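The values are calculated or read from the model by the stated rules, or taken from the named source; none is laboratory data. Bear in mind that the values here come from a model prediction, so they are computed numbers and not experimental data. Heads up, the Cβs are rebuilt from the backbone with ideal geometry, glycines too, and the neighbour counts pull from every protein chain shown. For accessibility, only protein heavy atoms count, side chains too; no ligands or nucleic acids. Shrake-Rupley method; radii C 1.70, N 1.55, O 1.52, S 1.80 Å.
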Amino acid sequence: MSCDDNEVDCAEVLDRVYVFFDHELDDRTITYDEIKAHLDACEPCLSKYDIERVIREMLARSCGCEHAPDELRMKIRARIQEVRVQITRTP
């Protein structure tokens, strides 16, 4: 997927949206400002971003101030990445 923004690929933005949410972006491949600019300009990505944001806010309200241990967060992120890779490779 891509929009009119030739600088940043939609798939790359959506792949990095979770670390973008958490302000844990390493800026090696795409910067926070590039993702923000892309989301502001790309309606499909913005819609996906908004869905993810609403889900995260709902979970935060439901779970209160409890935080997952770092090890669990890393395992979950790794599994999400594995599923994304599987989805992109499936025709």
Check your understanding: Do we have any residue at all in region 48-60 that's open to solvent by 90 Å² or more (accessible area, probe 1.4 Å) and modelled with pLDDT under 75?
Key -> no
Check your understanding: Has region 70-82 got at least one residue that is assigned to a helix (DSSP H, G or I), basic (Lys, Arg) and within 12 Å of residue 18 (Cα to Cα)?
Key -> yes
Exercise for review: Could you check residue 25 against (1) in contact with an Asp or Glu (Cβ under 9 Å, 6 or more places away or on another chain); (2) open to solvent by less than 60 Å² (accessible area, probe 1.4 Å) and say which number it fails?
Suggested key: (1)
Point to revise | Qualifying residues in region 18-53 (those that are of a type outside the set (Asp, Glu) and assigned to a loop (DSSP other than H, G, I, E, B)) - the one farthest from residue 79 (Cα to Cα) | key: 42
